[in-house]
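What follows is calculated from the coordinates using simple rules that are stated; it is not laboratory data. If you're wondering where the values come from, they're calculated on a predicted model, not measured in any experiment. So basically every Cβ, Gly included, is an ideal-geometry build from the backbone, and we count neighbours across all protein chains shown.
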Amino acid sequence: MAIVSIKPTDEFLVDIYGALQGGSWKKNIKPLLIEKYHNFEIKFTRKAENILHLAVIQNRVKVIKKILKEKPSDRFLNTRTGYGSTALTLAATGGNLEVVKLLVECHERLLMEPDSFDRLPVLVAAYCGHADVARWLFDRTPEELLRDNSRFQSVELLKTYIIAGQHDVALRLLKLWENPGDMIRTGEDTLENDVEDILDMLANRSSPPTSLFHPLQRLIHSTLDPSSLTSSKSSRSQLFWNFLTHCGMVPFTEIVYKTLEKQLVDCIWKKIKDGRRRWIAYTIQGPLFAAASCGNVEFIEAMGKHYPDILSFVNEKNQTLLAVSIFHQRIKVFNYLSKMGATTFAMFPAPEEDTILHEAAKMSQLDRITGAPLQMQGELQWFQAIEKIAPGLANNKNEDGDTPRALFTKQHKRLVTKGEKWMKDVADSCATVAALIVTMMFAAAFTVPGGNNGDTGLPIFEGSNYFVIFVTADAIALFFSSSSVMIFLGMHTSLYREQDFLKSVPTKLIAGLLTLFLSLVAMMVTFSMTIVLMFRQRIVWISILMLMAASIPVTIFALSQFPLLLQILWNTYRPRVFHSLK
């Protein structure tokens, strides 16, 4: 059946759009096309669209299934709109995976049909940010097309997947090439330089914040190869990795990105290493400063292995990479550059005639630490770290006449006040709970389960091991809860000076939370032993049930307070800033 085009009238367009809205192929759409034009394969809009195009645009899945059941001709399925788009290209643009699957299963040739901009459907889906559609199309697009760089599909796909954050697919694309560097265009005197584009994409990305599971992450990363987990085939290691990812213990995307980043930097370096040294420095300098600004330490590490001279790079403001990391308060970048010896270049002046120590004294707007006291602690650690590498700048005054220490005090005055209020609010809440535990445990010590022997005055259950546990747990709960009350009351009388937030205030909070937790655990043990002593010989299942119930408050307290406690411990005794050089 030949495909014909008609000049659309407003009346007909109203009819066909109305039929699509009705959604019934048999009752509305097919009769309209067959009765009037005896052909449902006609093009009838001003954009040369046919009924399949319109159904895809409007995501009419049922209508699409009915059309494909009619077994239309290949010519109809390959028909392009006035803008050069096939039905699959439109589906990839819309991001409807179900529609994409239907079209590919019916006519696989559509995978190889580019649009008017010479983009394959897989590239269109990636451009539009539809990750699930892009992955599915990538798995089914012939490898020879993905490796065909005559139209620069490979390098454009690579760039697009990096921009869209689909780093696992980008890594799989890289693996299709025996020599990944072959897909990258480079030239000192040409505009077609993919090196700068890819380096900029890799550089302009922040590193993830350090997780409390960081040591565990490093252990897992050393035992598993993330690059082997990017294949479309499932495996036990991939399932295990995905499980850890969903638990929040391993940022899968970040690890795959690091693998991709390293491989890309390696193959880019192979492409440019034989060029003029000045051109190489010019090519990598911009991305390096961008990476330092946004905190992408992995990119700087990867480039530093190939080009150690990056420490001497200076931007248009006469700033080194170390100075830029200080101005933007990028702790990971600062730590790495300090280990490499970049402190030699730390004395360059900052803009507005402030020294790097004045910049470090300013209030941070980028810190992700929760809670005013912890943020104040981080600010102090950051300032002291910069003070160690530039002690000669401690007495320099800026244009307002402030030394770095005076500027720090001025900038953080409100944060100190907020930190004091935060600590006292926490102390009030925790002291109330601890006082309740003291009251209950003190009463429990004189009202032992089973009562006392009327003749001797000794407890009836004194010979039971459960009674010994009861007495011991009661005493522990009383001692720890009393200590917790004293610690939290002491927080109200603290001075809360700037330096107190470095160690004194966090240590008190750690001690208070730990003693409160231990007293809560001991109280639940006391309660459990009381139940066991009373019901152990009659209704055993009640004892078991009560023991299980007693673990609920402890679990709730641990889940709600332990993340804070671990963060305080980590920040106080293993600070993020410059700890390796202490």
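Electrostatic bookkeeping for Gly286 treats Lys and Arg as +1 and Asp and Glu as -1; over the other residues with beta carbon under 12 Å from its beta carbon, the sum is -4.
Each peptide among 55-65, 480-490, 392-402 gets the average number of other Cβ atoms lying within 10 Å of its residues, and from highest to lowest they stand as 480-490, 55-65, 392-402. Segment Lys270..Glu70, full-extension length gain: 66.6 nm, with 0.36 nm per residue of separation and the alpha-carbon distance subtracted.
Of Lys332/Lys503; Lys159/Lys317; Lys305/Lys362; Lys418/Lys508, which ones are farther than 24 Å apart at the Cα?
On the way: Lys332/Lys503 22 Å; Lys159/Lys317 30 Å; Lys305/Lys362 32 Å; Lys418/Lys508 17 Å.
Beyond 24 Å: Lys159/Lys317; Lys305/Lys362.
Modelled this way, with points 7 Å down the Cα-to-C-beta line, the labels at Ala443 and Tyr282 are 8.3 nm from one another. In this calculation the C-beta distance from Ala435 to Ala511 is compared with R0 = 25 Å, giving a FRET efficiency of 0.90.
If packing is taken as the average number of other Cβ atoms within 10 Å across a peptide's residues, how do 411-421, 125-135, 492-502, 555-565 rank, most packed first? List each step's numbers first, then the result.
Values: 411-421: 16.7, 125-135: 21.2, 492-502: 15.2, 555-565: 12.8.
Ranking the peptides 411-421, 125-135, 492-502, 555-565 by packing returns 125-135, 411-421, 492-502, 555-565.
Would you mind getting me the FRET efficiency between Gln499 and Glu316? Use the beta-carbon distance for r and R0 = 41 Å, nearest 0.05.
Working from the Cβ atoms, E equals 0.60.
Placing dummy labels 7 Å off each Cα toward the beta-carbon, the span from Ala475 to Leu559 is 3.5 nm. Label zone (Ala549, point 7 Å along Cα-to-C-beta; backbone nitrogen cut-off 13 Å) within region 406-448: none. Modelled spin labels at Asp139 and Arg109, positioned 7 Å past Cα toward Cβ, are 2.6 nm from each other. The calculated FRET efficiency for the pair Lys397 and Lys262, based on their C-beta separation and a Förster distance of 45 Å, comes to about 0.50.
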